[in-house]
Amino acid sequence: MIRDYQAIQKTWFLCGKQRIIRTTGKHRGVKLLATVDYATGEIVWQEDEKYTAETFLSFLQKVVAHYPKGKIVIVLDNARIHHAKLIQPFLEEMKGRLELVFLPPYSPKLNLVEGLWKWLKSDVINNVFYHTVAEIRNNVQQFMDEIMKSRWSIIDRLCVRC
């Protein structure tokens, strides 16, 4: 989730001229789901208003449609929606084609998507005031469009090489 309560991160300012980041005082945001293809740097992503089992199911369906052939392995954290009963029939239907691998608790460094979220936040969210969620959505879309122009930059930044 990308929240709109401005995350203040490392920044610089002239001595005595502290940077002030405005805030709305509300907790609005953008819910994002994504996969990063380790081999190609391709990102499949989706933004939604809610982060529910229904949303996750629709995202899994999108990923399967995006990769019509071969086996798909998705590495996930242990969020409740990733284990929801609602997605079980779809997983049974996709058995042998779609596999969900769950990371141990507190291991975000093992998940490529966490690196993507960190990158997105540093380029789009941190130290910026947004008047509306629509502004956040627009900038997230621009960010994703821009980084997907160079898949090698995605691999270089997010994927560990042997």
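The values are calculated or read from the model by the stated rules, or taken from the named source; none is laboratory data. Not measured: the values here are computed from a predicted model. Cβ: placed from backbone, ideal geometry, glycine included. Neighbour counts: every protein chain shown.
Filter segment 32-90 down to the residues that are assigned to a strand (DSSP E or B) and of a type in the set (A, V, I, L, M, F, W, C) and list them by number.
Those that are assigned to a strand (DSSP E or B) and of a type in the set (A, V, I, L, M, F, W, C): L32, L33, A34, V36, I43, V44, W45, I72, V73, I74, V75, L76.
Exactly one of (1) under 22 Å from I147 (Cβ atoms); (2) surrounded by 13 or more Cβ atoms within 10 Å (Cβ to Cβ) is unmet by F90. Its number?
Unmet for F90, out of (1) under 22 Å from I147 (Cβ atoms); (2) surrounded by 13 or more Cβ atoms within 10 Å (Cβ to Cβ): (1).
Given the conditions (1) exposed (fewer than 14 other Cβ atoms within 10 Å of the Cβ); (2) under 20 Å from D48 (Cβ atoms), which single one is not true for V64?
(1)
What is the one condition in (1) modelled with pLDDT of 95 or more; (2) under 17 Å from the mean Cα position of the chain (by Cα); (3) not hydrophobic (A, V, I, L, M, F, W, C) that S107 does not satisfy?
For S107, the exception is condition (1).
Applying the selection to segment 144-158, what residues are of a type outside the set (K, R) and surrounded by fewer than 16 Cβ atoms within 10 Å (Cβ to Cβ)?
Correct list: D145, E146, M148, S150, W152, S153, D156.
Of the residues E114, E99, only one is part of a strand (DSSP E or B) and acidic (D, E); which? Write out each step before concluding.
Details: E114 fails: part of a strand (DSSP E or B).
It is E99.
If you go through segment 83-114, how many residues are more than 21 Å from K62 (Cα to Cα) and in contact with a strand residue (DSSP E or B) (Cβ under 8 Å, 6 or more places away or on another chain)? It would help to see each step written out before you state the result.
Step one: list which residues in segment 83-114 are more than 21 Å from K62 (Cα to Cα), which gives 103-110.
Now drop any that are not in contact with a strand residue (DSSP E or B) (Cβ under 8 Å, 6 or more places away or on another chain), which leaves 103, 110.
Count: 2.
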